[in-house]
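The values are calculated or read from the model by the stated rules, or taken from the named source; none is laboratory data. A quick note: this is a predicted structure, and the numbers were derived from the prediction, not measured. Note: ideal-geometry Cβ built from the backbone for every residue, glycine included; neighbour counts use all protein chains shown. The area values use the complete protein model at the heavy-atom level, side chains included, leaving out ligands, DNA and RNA. Shrake-Rupley method; radii C 1.70, N 1.55, O 1.52, S 1.80 Å.
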Amino acid sequence: MKNLPLLVATGFTLGLTAACQSNPTPPETATIQETAAATKPATNLPASLPLTSVDLKPGVAEQTPREGYLQVVSAKALKAEPMQLRLPAMWQSDPDRADTRKEAPGYRISYEAVLQWIPQGFGRQKVPATMPLYSPNGRDTLSSFRVGGLNLNVPGRERYSVTPIAPRKPLTVRGTLYAFLGQNEQKQPALVVYPYRGRAGGFDDSFKKVLLPISQ
């Protein structure tokens, strides 16, 4: 990945003109997840993004557990703020080159989504009537949604809103998604979703980059 500003490693181009089901986040990765994704607004910002031009569902799904027990029923954008976003470390230019880039044009997208909890792993145990849904509530947090598990909230520094969620009953939530402006293999405009699932534990073989086509 030594040729940014055009990142073409896996089928897309990122232009720089960009207790229960879940595994509790270990303390050493919590700091990473709480790091702001967005830097200060700057020049070279992308154009305004029409709110109906992108299907956000696949992007919001990246903010849910890999196991699939928390499903995204629907998602709609409420606001899309053009800004310079910090690139993940593995998407940055070679530090030995003079053209090292650490930021790319993109968007901070506020959205409303409907989630549904599909219980898994209870066996013969009775499924609880409700479980706590942890929703990230920081403006620039990189944390994700999860059901149950260890509560990472520290009194006075709550990073998650906690809401009861019932099995198979849709629940409306709000969140924030970060995405870079890029292109797909056909050179059509697309958003490249920030690698929420691949960030804390490194990029493993199951990690794939998620593109959201931008309708014309």
Out of 141, 176, 130, sole residue that is over 20 Å from the mean Cα position of the chain (by Cα) and hydroxyl-bearing (Ser, Thr, Tyr): 130
Of all residues making up the range 160-196, the number that are open to solvent by less than 70 Å² (accessible area, probe 1.4 Å), at pLDDT below 95 and not in a strand (DSSP E or B): 4
Given (1) in contact with a strand residue (DSSP E or B) (Cβ under 8 Å, 6 or more places away or on another chain); (2) among the polar types (S, T, N, Q); (3) under 19 Å from residue 192 (Cα atoms), number of the condition residue 135 does not satisfy: (3)
Test: residue in the range 135-149 that is in a loop (DSSP other than H, G, I, E, B), within 25 Å of residue 88 (Cβ to Cβ) and aliphatic (A, V, I, L, M): yes
Identity of the residue in the range 76-114, closer than 23 Å to residue 208 by Cβ, touching an Asp or Glu at 6+ places or on another chain (Cβ under 7 Å) and assigned to a strand (DSSP E or B), that ends up modelled with the lowest pLDDT: 86
Selected residue (only one of 5, 50 is part of a loop (DSSP other than H, G, I, E, B), over 16 Å from the mean Cα position of the chain (by Cα) and modelled with pLDDT under 60): 5
